[in-house]
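Read the structure below first, then the notes.
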Amino acid sequence: VQLVESGGGLVQAGGSLRVSCAASGLTFSRYTMAWFRQAPGKEREFVAAISRSDSWRDYGDSVKGRFTISRDNAKNTVGLQMNSLKPEDTAVYYCAARGSYSPSYSIRDFDYWGQGIQVTVSS
């Protein structure tokens, strides 16, 4: 199984950026997909999740109203559109896949992880 993130980079505060994750080696439509992020010296935190059939989407409090998660089961991809970016959004962003149900977004509940991609927001 491989999850490969792309699209990160440097953006000014207030700007937008989209990161994507391409999955292979798994039956993509059977997995809840999520994005996490980790800033230097901080724990990895939940950003957004989307159900297998896109019947629900969930967001961390710090990104609600600014970020949008989406998926394309035909292309085995999941994306994260990030708008109104703030310097505190600076982090390495990780794509993750979860095959079984869990009421929470604990890191240990996710089966597969990407290598991460850097997003830097300058002030």
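The values are calculated or read from the model by the stated rules, or taken from the named source; none is laboratory data. Note that the structure is predicted; figures quoted are calculated from it, not measured. Methodologically, a virtual Cβ is constructed for each residue, glycine included, from the backbone with ideal geometry; neighbour enumeration extends over all protein chains shown. Surface areas here come from the heavy atoms of the whole protein model, side chains and all, with no ligands, DNA or RNA. Shrake-Rupley method; radii C 1.70, N 1.55, O 1.52, S 1.80 Å.
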In the chain, what percent of the accessible surface is made up of carbon and sulfur (1.4 Å probe, ligands and nucleic acids excluded)?
46
Two-site FRET efficiency, Gln115 against Asp72, from Cβ-Cβ distance with R₀ of 22 Å, rounded to 0.05
0.60
Among the lysines, select those whose C-alpha is under 19 Å from the C-alpha of Lys86, and discard any that sit fewer than 8 residues away in the same chain.
Lys42, Lys64
If amide hydrogens are placed 1.01 Å from N in the peptide plane, which non-local residues have theirs closer than 5 Å to the one on Ala48?
Trp35, Gly60
Return the sequence-ordered ³J(HN,Hα) values of region 108-120 in whole Hz as given by the Karplus equation 6.51 cos²θ - 1.76 cosθ + 1.60 applied to θ = phi - 60°, using x for Gly and Pro.
6, 7, 9, 7, 9, 9, x, 7, x, 9, 7, 10, 10
1.4 Å probe accessible area per residue over the chain, in Å²
51
Over the chain, relative contact order from alpha-carbon pairs under 8 Å, at least 6 apart, %:
35
